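The values are calculated or read from the model by the stated rules, or taken from the named source; none is laboratory data. Treat the numbers as computed from the prediction; the structure is a model and nothing was measured. With ideal geometry, Cβ positions are generated from the backbone for all residues, glycine too; neighbour counts draw on all protein chains shown.
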Amino acid sequence: MIRTKRTRNWIAAPVAILALTLAGCSGDKEEEAVEAGSGAALEEAKAYYAEHPDFFVFASPEDLPADIDWEDSSDLPEFASPDAKRGGVLYDWQISYPRTLRIIGPDSNSAFRKFLNDDYGMRVVHPHPNIPGEYYPGLCEAWSIDWENKRVFFKLDPKAEYSDGVKITADDYLFMFYFMQQSFHQEPWSTNWYTMGATYTNVTKYDDYTISIGVKEAKPDIFRLFEEDVRPVPSHHYKDYGEDFTTRYQWTFEPTAGPYVVLEKDIKKGRTIAVTRVKDWWADDKRFWRNRFNPDKRVFTTIRDQDKALEAFKKGELDYFALTLPEFWHLKLPNTDEVVQKGYVGKYVFYTDKPRPNWGVWLNKSKPLLSNKDIRVGIAYALNFDLAIDQVFRGDYERSNSWAEGYGDYQNPKVKAREFSVEKALASFAKAGFVERGADGVLVNSEGQRLSIELTNGRPPLQGYVSILKEEAAKAGLEIRIKDLDLMTAFKQSQEKNHEMIITAYNVSVELYPRFFDFYHSYNALTEDKKPKPTTNNLTITAYPEWDEMIDRYRESNDLDEIKEISWELQELIHDDAAFIPAHKVSYYRVGMWRWMKYPETFDARVTDIWDQFGLMWIDEEERKEVRAAMKRGETFDPIIKTFDQFRVKN
């Protein structure tokens, strides 16, 4: 059985607190005129296939292995509710307007992209959200893994079609590799990822509905290479794919295999945008897909202030509002609020079981003071995260223990975060030569150098949090100079490795075991001339040959026991090195929804990020009318305040 979940090994932008993605703010600038295309891309793709016959292989059904064993996960349970109702309009909001409808290239990685591709798109296979390691069919009917030859066969679903009615065939997967291997989309990571031999070794077409894809490494979690990164690309749509791709397709919706489309009439730049459900969607009755994505339409209004969005929600102009932040749950929409007490709006807490974003303070070891391990250990003891969590987050969040939180058996349970201790901090600082205090209470060494370090923060909601860290650290003679920046500026500073310390986190996908290469291999730490390497996730500038050897073995191993052993050992080394200091984790999400919003008996799926990720909710439009009528009459209902903790994991 395959043991993995979702992953994506690109340079991830740091996660935003409250799971709120900050995208571009315009989207209404004047667009450049684009000349009519020649339609040459399709012929260019065919010529490209012919130039690379070892990668693009054309075979026949007779070339399939005689003993091929197809799997389809028909024994797995579905996770959507059979009680779900189709229909209605979901009223939503966004803090900024998308700058493009492209799902790749400049400005494409916005919060809105999840409705175009990430969550609402379809792949050949998808990970089961309630059963770790299991998969169900998406655009395929069945699959077969050839471990010996490092390839996966897919029997494509002949019913699958794009939203414009064009059938999805094997040719669209060949075109996907052509599309991604070019640089026209201006996304270097993708070009490198799909380069021949880098991740995938070949794609073979046996007939219109049978393909195989070879991979460089057939790891136990082989499907992680397919669940997000292998999708059909509609060649008929991109017949003019070329140098002007980013402008030509800036506001052109790509035909999708998924349930929703963006209609041109619903694009009102800077104000609203909507997705509309595909009429007679091909997967309406497909197992694992039925009873999902239920609203007929979802309208997004741009509201550039969270408090204003909350007010719109309380008026019933929006159907839901995220309440994970303590200030919103406890203060801005408390249980005593009128709309809650009268039963118009329900408040819900849902605990998940999944890898957590690696929130922490990342120390740049290329900086003089922070190159000293004793100073780093002292800083770890000097940061009072428990107090900051209690005061700023009202104790709702938990202290993290590890860089690799939420990986089950692959998280080392022996690794525990260093507690706040002035005594231990002072002892560690003394080992580094910082014994005496100056007149301002800050420790100095024999050369008069002050123990003063800058901490970058790119999130306004964390300003009070880092202020407490600063105040408490002063007790141990450590001066923290807080540098508050906007999110993108802080991210850029860290990518250029100009930070000393930064409090941040990276999104991690749902997968079996953590990935160390991006964050802790010397390849991502130093350039050839031994300077900090920009544009990587190795924020600590960790470059130890012995770690490299372990990480290389880890990446190459097909033995889950060995992978677990190395994972545990690396986590201990990361803890001992003290260049990453664990901060906090959030094991749930909280949301407010109007009474007419309905949900399955279990509320949501085990590994969900937010309430709408798997499209399990639905709208009861009749109840919407009833509730609005009751409000006018002054009638009330019983309050709805519920917690779903069936997937809660003890710390």
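Looking at the structure I just gave you, is Tyr588 free of Cβ contacts under 8 Å to residues at least 40 places away in the same chain and of a type in the set (Ser, Thr, Tyr)?
Criteria not met by Tyr588.
Take the residues in region 207-261 that are within 29 Å of Glu62 (Cβ to Cβ), of a type in the set (Phe, Trp, Tyr) and touching a Ser or Thr at 6+ places or on another chain (Cβ under 8 Å), then tell me which one is modelled with the highest pLDDT.
Here the residue is Tyr209.
Across region 165-210, what is the number of residues that are outside any helix (DSSP H, G or I) and of a type in the set (Asp, Glu)?
3
Quick one: which residue in Ser81, Ser108, Ser96, Ser60 is surrounded by fewer than 17 Cβ atoms within 10 Å (Cβ to Cβ) and of a type in the set (S, T, N, Q)?
Unique residue meeting the criteria: Ser60.
Can you work out which of the residues in region 374-388 that are among the hydrophobic types (A, V, I, L, M, F, W, C) and within 19 Å of Ile574 (Cα to Cα) is farthest from the chain's Cα centre (by Cα)?
Out of the qualifying residues, it is Ile375.
Look at Arg418 and say whether it is under 25 Å from Ser567 (Cβ atoms) and within 22 Å of the chain's Cα centre (by Cα).
It is false that Arg418 is under 25 Å from Ser567 (Cβ atoms) and within 22 Å of the chain's Cα centre (by Cα).
Here is a yes/no grid of residues against (1) touching a Leu at 6+ places or on another chain (Cβ under 9 Å); (2) outside any strand (DSSP E or B); (3) hydroxyl-bearing (Ser, Thr, Tyr); (4) on the phi < 0 side of the Ramachandran plot:
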residue: Trp289; (1), (2), (3), (4): no, yes, no, yes
residue: Pro295; (1), (2), (3), (4): yes, yes, no, yes
residue: Arg298; (1), (2), (3), (4): yes, no, no, yes
residue: Asp307; (1), (2), (3), (4): no, yes, no, yes
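Among Tyr599, Tyr589, which is the only one that is under 17 Å from Lys85 (Cα atoms), hydroxyl-bearing (Ser, Thr, Tyr) and buried (at least 20 other Cβ atoms within 10 Å of the Cβ)?
Only one candidate passes the filter, namely Tyr599.
Across region 465-492, which residue is nearest to Gly133 (Cα to Cα) among those that are part of a helix (DSSP H, G or I), at pLDDT 95 or above and not aliphatic (A, V, I, L, M)?
Tyr465
Assess whether Arg113 counts as being charged (D, E, K, R), modelled with pLDDT under 95, surrounded by 19 or more Cβ atoms within 10 Å (Cβ to Cβ) and in the same structural domain as Thr252 (by TED's automatic domain parsing).
Yes.
Report yes if Asp552 is without any contact (Cβ under 8 Å) to a residue 40 or more places away in the chain, under 24 Å from the mean Cα position of the chain (by Cα) and surrounded by fewer than 20 Cβ atoms within 10 Å (Cβ to Cβ), otherwise no.
No: the conditions fail for Asp552.
Yes or no: Leu560 within 23 Å of Asp353 (Cβ to Cβ) and surrounded by fewer than 18 Cβ atoms within 10 Å (Cβ to Cβ)?
Criteria met by Leu560.
Identify the residue in region 148-203 that is surrounded by fewer than 19 Cβ atoms within 10 Å (Cβ to Cβ) and β-branched (Val, Ile, Thr) and, among all such residues, is farthest from the chain's Cα centre (by Cα).
Val166
In the list Gly378, Gly316, which residue meets the criterion of being assigned to a helix (DSSP H, G or I) and modelled with pLDDT of 95 or more?
Being assigned to a helix (DSSP H, G or I) and modelled with pLDDT of 95 or more holds for just one of Gly378, Gly316, which is Gly378.
Within region 235-247, identify whether any single residue is without any contact (Cβ under 8 Å) to a residue 24 or more places away in the chain, assigned to a helix (DSSP H, G or I) and on the phi < 0 side of the Ramachandran plot, and answer yes or no.
Looking through region 235-247, none of the residues is without any contact (Cβ under 8 Å) to a residue 24 or more places away in the chain, assigned to a helix (DSSP H, G or I) and on the phi < 0 side of the Ramachandran plot.
Condition (residue is in contact with a Pro (Cβ under 6 Å, 6 or more places away or on another chain) and either farther than 22 Å from Lys216 by Cα or outside any loop (DSSP other than H, G, I, E, B) (or both)) applied to region 83-99: is it met by at least one residue?
Within region 83-99, one or more residues are in contact with a Pro (Cβ under 6 Å, 6 or more places away or on another chain) and either farther than 22 Å from Lys216 by Cα or outside any loop (DSSP other than H, G, I, E, B) (or both).
Would you please name the residue that is surrounded by the fewest Cβ atoms within 10 Å (Cβ to Cβ), looking only at residues in region 347-376 that are touching a Pro at 6+ places or on another chain (Cβ under 8 Å) and farther than 22 Å from Ala388 by Cα?
Among them, the one singled out is Ser366.
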